[in-house]
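Heads up: the structure comes next, in structure tokens.
Only the coordinates and a few stated rules stand behind these numbers; no lab work does. Small disclaimer: the values here were computed from a predicted structure and weren't measured. No Cβ is skipped: glycine too gets one built from the backbone with ideal geometry, and neighbour counts run over all protein chains shown.
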């Protein structure tokens, strides 16, 4: 097939180019940019804005070195992602090219990267717990297969360590790692951890390093999630690790800015919510097929920043990491009610009672700072708080089974309170307070 | 009605995300819908703006939002204008249905493909199902838009078949006998004043941006039993009322919405899942189908319909979904039913407007929302109301998802201005797992009558305020300096909060409290508030006394919490007021 070519680039900006007139390209279709002298391929680009007077493209490899003579070759298809089982154990860039220096992968199939919405009627109501061995998650915010949930953390927190800890223990057929704006050492850390845990042969890594072309970073989740979706359509349980979605949102903001879009909050485009939702909503447990679970990382300075704020409304809860601890107060698994009623009979009650006491303890802690927590009960609460942070909120270490973790909770309560102070029902107190 | 005219067409000249421009030569109507032919598929669009064409004096330019993904669209693609505004199909079969934001039925779509792809369509209502039609009128009768010409049974409801609302005076020419028909068959023919004949079916299309009229609009008076104690006691809503329900993420909006779906007493619940998580809508139509309607014992889905325009669906359809849901609600109100519309979330709806106005290049208002967003929100809530003419009502409960949990943002503020009730969810309460996290002390108001007297409601609030203030004092100056009687008030407030306002939405018995039980609880609460309690201070210093008071109240709260989850029969229920009586008089008993 002879592909139509033009060479009338009129504008070259950051990440974007425009051509005058309408070369007959369709929205979201891909073109290839070629050196006019030697026909060497420079990059691919995607048509994002078309009028009869001009057409604008996002350039995957960035615009450095392009000139007005650069040739544009039409491909007349939208961006696709290659798919093959041979991708397992390999690394790719944001548009699905091999990036680990190894041999090319022969793809069995090209996938659409449009991420069409799954018809809600083929979704199953998620009911299968995903145990992690981390008490703060298993007892207080149980993870459920097909959940979409980010780790909220300050930029210096060990969120990648937590992400890989969860990945290590997760019962998934395929792990898709999608890293955007990673530092090189982070990329290596994941690769090492996944290899060490023997998971590398069921992992595909899509990585975009900080400083790589922005457009490739922007496209990366769509390519990674399309591949994840194909595995789940084929019946596999897939775990997707998305880190860090704040980097991705910042690329989205930059590109919106290059396009002169009217910003809404802090320079982010008004579509930030919809754009994030489109990616996270790929998580699903599908009737007659497999499932996709998404655990993301969202770095933040403040919870009110547009990225964590919008994310919180989209995802099914969040894990909040602070000072290396998984904090109970702001962490939430929205799907836990689907699974924590079928575990031990004290699971839900102990969770509520401990949370309520911890909230009181936080108040006592604040009061203590002005010297007002001098009554005996406040003192109890303060000791409880310290115990809770050290023993229950610690996410790292040897995995702990659910029952042992719940017993650990009773131990903490017993160390500090009388039975009536816990707010637990008499029935449960009778059953569990006295240690067998 | 447009079939005599020739096709009106245009051609695309600009494409950006979901916004397109087309050049046209005849005429275009503001707000009409159009279809764009892209890659052999027909995509739905709506006209937003019409302007002159600077390049061509004979032509005009129309700006449209497209409800589906435009990948593959090209300059020159053909647009065909429909002549009719965005509309919804009304008639029997609406209940139990699940649609996307444009009323495509999702189950039939799911049989075509597990994914929703551009251009896919499915009929809004089942075209095969037969309905037992009983005529009300005979040939020669005079009818007008909104009159019933017959009825069909829809589940346990009598669903009247109406002359479309936009019809003027007509005469019935023909009407079928009592028989079984589907929605594609003609049941009657009427002749209008211009001697033009119109066929009527069980269903008709209604424009969604023009409200269906009231027969006789009335003030919402009758309180709804929602089953949620803090609402029914302190921030109630009446049939036909409006409520805004803002809360930061994680504060429990979804759980509250689900509780309302399950327990609120109403004929019909419409859920507009507008730009929210798909999983939540799925939970409603899959799990709730197996739950019983509290008033009939039938499947909950029999009283529900769901518009599932979830967060990853095209954003332009999000705006449409709320109007479509409102119109269905107005229709059932007109038919005489009490309808509750839960819109989750109105902020996503407002954001859809923001995305669009940003693309159109409008000058932005606060936080880049369109300047007229407060008026649009008011207009939306105004469509709720009670109708004494039909006996029906439409109650509108809209959740608001304020950015950063900040209630000062434009959508929350405009909602506060528009609604009769406000249920503010607080992050602090949610963090302490005090659910439902409706904060009775701030951002929670209601103009509607409660199940308890106004005086009792005020007294309860007063105690909560006082208790909260004492709590603050304890936090700043320490427990020692707080007088004992104040400490008792603090404990009373805590008890009301812990045992009455907090409720376990996942416990069978505790999740729903009906008015009779609420009255028993209120008797106990009022007694607890009214009676000063004399604790035996003998032989104790101040610290020991307070320690003892706390222990007594802890025991009471544990007992009461158990009562919440166990008391069923009359005798068990009566134990609560008796327990409180014993508690407040404990000193006397001790003597």
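Tell me, what is the percent relative contact order of the stretch B:131-275, built from C-alpha pairs under 8 Å that lie six or more residues apart?
Relative contact order, the stretch B:131-275: 15 percent.
What value, in deg cm²/dmol to 500, does the helix sum -39500 (n - 2.57) over DSSP H runs of n ≥ 4 give at 222 nm once divided by the residues of chain A?
Only helices count here, giving -9500 deg cm²/dmol.
Calculate how large, on average over all directions, the projected area of the Cα convex hull of the protein assembly as shown is; give the answer in nm² to one decimal.
The number I arrive at for the protein assembly as shown is 44.5 nm².
Quick one: work out Rg over Rh on the C-alpha atoms of the stretch B:179-265, Rh as Kirkwood radius.
Radius of gyration over Kirkwood radius for the stretch B:179-265 works out to 1.19.
Using mean Cβ contacts within 10 Å as the protection proxy, how do B:337-349, B:172-184 order, highest first?
Answer by packing, highest mean first, reads B:337-349, B:172-184.
Just to confirm my numbers, what's the Cα centroid distance between the stretch A:349-403 and the stretch B:486-502 in Å?
Cα centroid of the stretch A:349-403 versus Cα centroid of the stretch B:486-502: 22 Å apart.
Run the numbers for residue B:192 and residue B:376: contour at 0.36 nm per residue of separation, minus the present Cα-Cα distance, in nm.
Full extension from residue B:192 to residue B:376 adds 62.8 nm.
Under the rule a/c < 1.5 gives rounded, and otherwise a/b versus b/c splits prolate from oblate, where does the stretch B:16-63 land using the Cα gyration tensor?
Taking the square roots of the gyration eigenvalues as a ≥ b ≥ c, the stretch B:16-63 is prolate.
Of all DSSP beta bridges located in chain B, what percent are antiparallel, nearest 5?
Here the share of antiparallel DSSP bridges comes out near 70 percent.
Any idea how far apart residue A:345 and residue B:547 come out in nm if each label point goes 7 Å out from Cα toward Cβ?
3.4
Please work out the C-alpha center-to-center distance from the stretch B:165-229 to the stretch B:407-481 and express it in whole Å.
Taking the Cα centre of each part, the stretch B:165-229 and the stretch B:407-481 sit 43 Å apart.
Return one number: the angle in degrees, 0 to 90 and rounded to the nearest 10, between the long axis of the Cα atoms of helix B:542-566 and the longest principal axis of the Cα atoms of chain B.
It works out to around 40 degrees.
Over the stretch B:15-108, what is the relative contact order in whole percent, taking alpha-carbon pairs under 8 Å and six or more residues apart?
Rounded, it is 31 percent for the stretch B:15-108.
Over all residues in B:471-482, what is the mean tally of Cβ atoms on other chains that come within 10 Å of each residue's Cβ?
4
If one computes the Cα centroid of the stretch B:307-341 and of the stretch A:13-42, what distance in Å separates the two points?
About 43 Å separates the Cα centre of the stretch B:307-341 from the one of the stretch A:13-42.
With viscosity set to 1.306 mPa s and temperature to 10 °C, compute the Stokes-Einstein D of chain A, Rh being the Kirkwood radius across alpha carbon pairs; µm²/s, no decimals.
The calculation lands on 67 µm²/s.
Using the Kirkwood formula on the Cα atoms of the stretch A:222-337, what hydrodynamic radius do you get, in angstrom to one decimal?
Over the stretch A:222-337, the inverse of the mean reciprocal pair distance is 15.4 Å.
Considering every pair of different Cα atoms, what Kirkwood radius, in Å, is found for the stretch A:80-138?
15.0
Which residues does a label at residue B:471 reach in the stretch B:486-528, if reach means a backbone N under 13 Å from a point 7 Å past the Cα toward the Cβ?
B:490-502
Please work out whether chain B counts as rounded, prolate or oblate from its C-alpha gyration tensor, where a ≥ b ≥ c are the square roots of the eigenvalues and a/c under 1.5 means rounded, while otherwise a/b larger than b/c means prolate and anything else oblate?
Note, shape of chain B comes out prolate.
For chain B, take the longest principal axis of its alpha carbons; what is the angle in degrees between that and the long axis of helix B:570-584, to the nearest 10 within 0 to 90?
50
Quick check: pseudo-label points 7 Å beyond the Cα along Cα→Cβ at residue B:484 and residue B:57, how many nm apart are they?
9.7
Sort all Cα-Cα distances of the stretch B:455-590 into consecutive 10 angstrom bins from zero, then give the percent of pairs in each bin up to the one containing the longest distance.
11, 42, 34, 12, 1
How big is the Rg/Rh ratio for the stretch A:39-114, C-alpha atoms only, Rh by Kirkwood, two decimals?
1.02
Pairing the Cα long axis of helix A:214-233 with the longest principal axis of chain A, what angle in degrees results, from 0 to 90 and rounded to the nearest 10?
On a 0 to 90 degree scale, this one is about 70.
Taking chain A as a Gaussian network, where each spring joins two C-alpha atoms under 10 Å apart, which residue of A:131, A:410, A:248 fluctuates the most?
Greatest mean-square fluctuation among the candidates belongs to A:410.
Expressed as a rounded percentage, what relative contact order does the stretch B:126-202 have, with Cα pairs under 8 Å and six or more residues apart?
31 percent.
Modelled label-to-label distance, residue A:68 and residue A:14, 7 Å Cα→beta-carbon offset: nm?
Modelled inter-label distance: 2.3 nm.
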